[in-house]
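The values are calculated or read from the model by the stated rules, or taken from the named source; none is laboratory data. Keep in mind that what you see is a predicted model, and the values were worked out from it rather than measured. Ideal geometry is used to build each Cβ from the backbone, glycine not excepted, and the neighbour counts take in all protein chains shown.
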Amino acid sequence: MSHPRVTGVGLTPFGKHSERTGRDLFAEAGLAALDDSGVDPDDVEALFYGNFMGELAEHQGHQAPLMAEAVGLDVPATRFEAACASSGAAVREAVRHLRSGEADVILVGGSERMTNIGTAGATDALSIAADDLYEIRAGMTFPGAYALMARAYFREYGGTREDLAHVAVKNHDHALPNEYAQLRSEITVEDALDAPMVAEPLGLYDACPITDGASAAVLTSAEYAEEHGFDAPVGITGTGQASDRMALQDRDHLLKSPAASKAADEAYADADVGPDDVDVAEVHDCFTIAEVLAIESLGLYEDGEGITAAREGETHVTGEMPVNLSGGLKAKGHPVGATGVAQIASITKLLEGKSSWSDDVDDARVGVAHNAGGTVASATVHVLEVQE
Amino acid sequence: MTDKARDGEYDDLLDAIEDGEGYYVECASGHGWLPPRRVCPDCGSRELTETPFPESGEVATYTTVSVATPQFSADTPYTTAIVDYGPVRVTGLLRGVDPDDIEVGMPVGIEVGERETTGDRAVVFRPR
């Protein structure tokens, strides 16, 4: 099977752009991706677009045609909503369309405007990814939900707030050279431990920031890339998606993410690789504990062993299993609907040798992107490989 | 509190808890859920029977929230807990205990309280 290629990618800087509209953010990213790819915009056959809180943040539903228009495309456009995994889900559908031969060129992407509604407004908007009746009405916020999982994890496997602080420190380190990252500042373990509590045991530095931004990627069939002479060495060779019970209370486990494990198993089987083959990973670290759960779900660590990975330096760029070289959601920022495609963009640039850290992982051939919605009631996993 | 339509079986359950007759629904295989459920998502059984909550459950995990949504702003800091009632787990506000004294496994009973911010009803646990 010839695998769909990532022919171009584009991002806005991630950060606080309170006054910029979602459509302007996406236009910047989408046009950048088209320019990066060299694809004739007239060849684009569809837009698959991820967005989560547009109704609450901008009073704007029905965003997909608006976004197609914003990048100058007159194509069928569909919005995907899977909370924070919205654009991961969009990528998956694009990959399946390209594989089936239904299309040769698809623009995928996402955007989110969040800071204009403030911290309380964004906390409220994010919370609706949980079960309204049985979680939100019990005061569950997103940091709160991950705090519930963190405490359950600590109790079962051990682990401390200091272990989590090392995840934050590492991801801040990784973001330092990333010109698109929101938080480009070195922090210490003490900074993280001294920060105000958000939902005990998680503090401010355990949480990703609230972010405005957009991402886009031009995905093409391998045949199209070859015919047109595009330099697009990175293919998406595996895709997986799974769901879990919406509410934490209804799950078998409070300290695992089975949906991510299922999505990973599917993606690995699809790509005919295993966790041992993975050279670099971008995972959904909306909270520090989420990175721990993610690397265990992906099989990069056994259950209960991911907690020490950052402290031991293993997931640092200098370690054996670099995780979140972009800075992750924690430091790069997390414009919710844009995150899944931003991860694809980060892995692609890394494997192409065009990222700040590429020289440090110059033998990397296989990357994996893990995008999660809610408390991982939705998960998508994609395997990207340098094609011979 | 806004004047809005009841949320069916959810509000029925809260009424029942207020009357000391809280229940969950359970399939023949012993999988428990909170209503509304027409089918057991674990085994597909559509034969679900209302079963009373046990006298007390055990705190499975909890967090004390400092940064809340606007609907809980005046409640902060408050504690949200997931409580294990055997075949079913329930999420609610844990009150009547200092956050420093909460322990996983501690026995709690279920009742209905009000959110301080909005006056809306909420599931509340208290130590037994």
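From the list A:Lys256, A:Lys262, which one is assigned to a helix (DSSP H, G or I), surrounded by fewer than 24 Cβ atoms within 10 Å (Cβ to Cβ) and charged (D, E, K, R)? Working first, answer last.
Working: A:Lys256 fails: assigned to a helix (DSSP H, G or I).
Of the residues listed, the single one that is assigned to a helix (DSSP H, G or I), surrounded by fewer than 24 Cβ atoms within 10 Å (Cβ to Cβ) and charged (D, E, K, R) is A:Lys262.
For the stretch B:95-110, enumerate the residues that are within 12 Å of B:Gly57 (Cα to Cα) and either of a type in the set (S, T, N, Q) or more than 9 Å from chain A (Cβ to nearest Cβ) (or both).
B:Gly105, B:Met106, B:Pro107, B:Val108, B:Gly109, B:Ile110
Conditions tested, residue by residue: (1) crowded, with 23+ Cβ neighbours inside 10 Å; (2) in contact with a Gly (Cβ under 8 Å, 6 or more places away or on another chain); (3) within 14 Å of chain B (Cβ to nearest Cβ); (4) over 30 Å from A:Gly15 (Cβ atoms).
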| site | (1), (2), (3), (4) |
| --- | --- |
| A:Asp212 | yes, yes, no, no |
| A:Val218 | yes, yes, no, no |
| A:Glu223 | no, no, no, yes |
| A:Gly240 | yes, no, no, yes |
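Determine whether A:Ile289 is in contact with a Gly (Cβ under 6 Å, 6 or more places away or on another chain), buried (at least 24 other Cβ atoms within 10 Å of the Cβ) and not in a strand (DSSP E or B). Give the derivation first.
Values: in contact with a Gly (Cβ under 6 Å, 6 or more places away or on another chain): no; buried (at least 24 other Cβ atoms within 10 Å of the Cβ): yes; not in a strand (DSSP E or B): yes.
Here the answer is no, as A:Ile289 does not meet what is asked.
Are any residues in the stretch A:351-368 assigned to a loop (DSSP other than H, G, I, E, B) and either among the basic types (Lys, Arg) or within 22 Å of A:Ser261 (Cα to Cα) (or both), and if so, which ones? So that I can check it myself, show each step before the final result.
Within the stretch A:351-368, the subset assigned to a loop (DSSP other than H, G, I, E, B) is A:353-357, A:362-365.
Scanning the stretch A:351-368 gives A:Lys354, A:Arg365.
Exactly one condition in (1) surrounded by fewer than 21 Cβ atoms within 10 Å (Cβ to Cβ); (2) of a type in the set (A, V, I, L, M, F, W, C); (3) part of a helix (DSSP H, G or I) is false for A:Met321; which is it?
With (1) surrounded by fewer than 21 Cβ atoms within 10 Å (Cβ to Cβ); (2) of a type in the set (A, V, I, L, M, F, W, C); (3) part of a helix (DSSP H, G or I) applied to A:Met321, the lone miss is (3).
Take A:Gly121 and tell me if it is out of contact with any strand residue (DSSP E or B) (no Cβ under 9 Å at 6 or more places or on another chain), within 25 Å of A:Asp42 (Cα to Cα) and either touching a residue at least 40 places away in the same chain (Cβ under 8 Å) or within 14 Å of chain B (Cβ to nearest Cβ) (or both).
Considered against the rule, which asks whether it is out of contact with any strand residue (DSSP E or B) (no Cβ under 9 Å at 6 or more places or on another chain), within 25 Å of A:Asp42 (Cα to Cα) and either touching a residue at least 40 places away in the same chain (Cβ under 8 Å) or within 14 Å of chain B (Cβ to nearest Cβ) (or both), A:Gly121 comes out as no.
Which residue pairs have Cβ atoms under 9 Å apart, sit 6 or more places apart or on different chains, and have a first residue in the stretch A:137-157 that is more than 7 Å from chain B (Cβ to nearest Cβ) and at positive phi and a second that is part of a helix (DSSP H, G or I) and buried (at least 24 other Cβ atoms within 10 Å of the Cβ)?
none
Evaluate the following for A:Thr348: is it buried (at least 24 other Cβ atoms within 10 Å of the Cβ) and closer than 18 Å to A:Lys256 by Cα? Don't jump to the end; show me each part of the working.
Values: buried (at least 24 other Cβ atoms within 10 Å of the Cβ): yes; closer than 18 Å to A:Lys256 by Cα: no.
No, not satisfied.
I'd like the full set of residues that are in a loop (DSSP other than H, G, I, E, B) and of a type in the set (D, E, K, R), limited to the stretch A:159-179.
Matches in the stretch A:159-179: A:Glu179 only.
Can you say whether A:Val189 is surrounded by 20 or more Cβ atoms within 10 Å (Cβ to Cβ) and either under 23 Å from A:Val341 (Cβ atoms) or in contact (Cβ under 8 Å) with a residue 24 or more places away in the chain (or both), as far as the supplied structure shows?
No, not satisfied.
Please report, ordered by residue number, the strands (runs of 3 or more DSSP E) entirely within the stretch B:21-86 with at least 1 residues that are within 13 Å of another protein chain (Cβ to nearest Cβ) and either under 17 Å from B:Tyr10 (Cβ atoms) or of a type in the set (Asp, Glu) (or both).
B:23-26, B:57-65, B:78-84
Please go through the stretch B:114-128 and pick out each residue that is within 11 Å of chain A (Cβ to nearest Cβ) and either under 13 Å from the mean Cα position of the chain (by Cα) or at pLDDT below 95 (or both).
B:Arg121, B:Ala122, B:Val123, B:Val124, B:Phe125, listed by residue number.
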